[in-house]
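Asks: So that we are looking at the same thing, I have put the structure below in structure tokens.
The values are calculated or read from the model by the stated rules, or taken from the named source; none is laboratory data. These numbers were taken from a predicted model, which means no experiment stands behind them. Every residue, glycine among them, receives a Cβ derived from its backbone with ideal geometry; neighbour counts consider all protein chains shown. Accessible surface is based on the protein model in full, side chains and every heavy atom, while ligands, DNA and RNA are left aside. Shrake-Rupley method; radii C 1.70, N 1.55, O 1.52, S 1.80 Å.
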Amino acid sequence: MLKNIAQRSLGWILYQVTIASLILITVLLSFSTSAEDFNSGNISLTIDNDSLTGTDREYSSGVFLKFNSSSEVDINQLEPLPIKYIASILPLYDKTQKNWGVTLGQKMWTPSDIEIEEEVSSERPYSGLLFAEVHLSEYSSSIVN
């Protein structure tokens, strides 16, 4: 019994070390991106899943498709037209870099015990969210909005 507990504890420690190592590698690789790469615009696909963390905690999964435009100083260079219009009425600084982006996403939640067939009032029910998000950003060496 004690040996079994020790083996599970060692497995949990190895799991945590692996996750910490992956996070460290991701952080170190993110510093290798130059400012020009960041300013050139990008498209990304992000997938969240609770199976990677080993716990449910009600949030189960998400998928996010993101587009970020390249940066421009002149708001007249921003596209599409609704973004350009919104940028023109906001109090943006003249010499900052500006960009815009769109995110299409989906999130799902499940109760922590998915075997129970009846709804438990103290837990989040099965639910999902589909959404679209638009952002407009400005930044310089001294300002981030």
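Asks: Using θ = phi - 60° and the Karplus form 6.51 cos²θ - 1.76 cosθ + 1.60, what ³J(HN,Hα) does each residue of the stretch 89-102 get, whole Hz, x for Gly and Pro?
Replies: Per residue, the Karplus-derived 3J(HN,Hα) values read 9, 7, x, 8, 6, 5, 9, 8, 7, 10, 8, 9, x, 9 Hz.
Asks: With a 1.4 Å probe and all protein chains left in place, how much of the accessible area of the stretch 71-145 comes from carbon and sulfur atoms, in whole percent?
Replies: On the way: 3080 of 5440 Å².
For the stretch 71-145, the apolar C and S fraction of the accessible surface comes to 57 percent.
Asks: Still on this model: Return the distance in nm (one decimal) between the two label points of a simple spin-label model at residue 144 and residue 49, each offset 7 Å from Cα along Cα→Cβ.
Replies: According to this spin-label approximation, the distance is 3.1 nm.
Asks: A further question follows. Report the full-extension gain for the segment residue 121 to residue 137: residue separation times 0.36 nm, less the Cα-Cα distance, to one decimal in nm. Kindly include the intermediate steps, with their values, before the conclusion.
Replies: Working: separation 16, 0.36 × 16 = 5.76 nm, distance 4.06 nm.
Length gained between residue 121 and residue 137: 1.7 nm.
Asks: Here is a follow-up. How much length, in nm to one decimal, is gained on full extension between residue 13 and residue 114, taken as 0.36 nm per residue of separation minus their Cα-Cα distance? Provide the component values of the computation, followed by the final result.
Replies: On the way: separation 101, 0.36 × 101 = 36.36 nm, distance 2.65 nm.
Stretched fully, the residue 13-residue 114 segment lengthens by 33.7 nm.
Asks: Quick one: how many Å² of residue 48 are accessible to a 1.4 Å probe, rounded to 10?
Replies: 50
Asks: Could you tell me the accessible area of residue 66 in Å² (1.4 Å probe, neighbours in place), rounded to the nearest ten?
Replies: Accessible surface of residue 66 is approximately 80 Å².
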